[in-house]
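The structure under discussion appears below in the form of structure tokens.
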Amino acid sequence: MAVTLTETAADRVRHFLLNRGKGIGLRLGVKTSGCSGMAYIIEFVDELNADDQVFEDKDVKVIVDAKSLLYLDGTELDFAKEGLNEGFKFNNPNVKDECGCGESFHV
């Protein structure tokens, strides 16, 4: 089981953590939401929970809870700029379908 980052995403996370001045890594998770059933969660982590799985890629710690790991295993996190928009992009091999707005997915 693994979650990885592109170099662009790793650079962005390191930059955010440096500017924030604290934090041990980035939490990736899923929650029930949206028209397709699940939505991604991204947040900074200051403390680990008992069921957290920690992955380290390109000197960045990625933290995923056990429940979310079932849906995120094999995912690569990227960071993209498209015109005036920029943000993290999930390259998740488990996704079977996404909603039209791109905010939620189904496995």
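The values are calculated or read from the model by the stated rules, or taken from the named source; none is laboratory data. Predicted model, so just to flag it, every value in this text is computed and none were measured. Note: ideal-geometry Cβ built from the backbone for every residue, glycine included; neighbour counts use all protein chains shown. These accessible areas exclude ligands, DNA and RNA; they are computed on the full protein's heavy atoms, side chains included. Shrake-Rupley method; radii C 1.70, N 1.55, O 1.52, S 1.80 Å.
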Q. Among (1) over 15 Å from the mean Cα position of the chain (by Cα); (2) at pLDDT 90 or above; (3) among the acidic types (Asp, Glu), where does GLU98 come up short?
A. (2)
Q: Considering every residue within region 20-39, establish whether at least one is open to solvent by 80 Å² or more (accessible area, probe 1.4 Å) and in contact (Cβ under 8 Å) with a residue 60 or more places away in the chain.
A: yes
Q) From the residues in region 1-11 that are under 17 Å from ILE63 (Cα atoms) and open to solvent by 60 Å² or more (accessible area, probe 1.4 Å), which one is modelled with the highest pLDDT? A) ASP11
(Q) Just to be sure I understand, how many residues within region 1-52 are touching a strand residue (DSSP E or B) at 6+ places or on another chain (Cβ under 9 Å), part of a helix (DSSP H, G or I), aliphatic (A, V, I, L, M) and more than 22 Å from ASN92 (Cα to Cα)? (A) 1
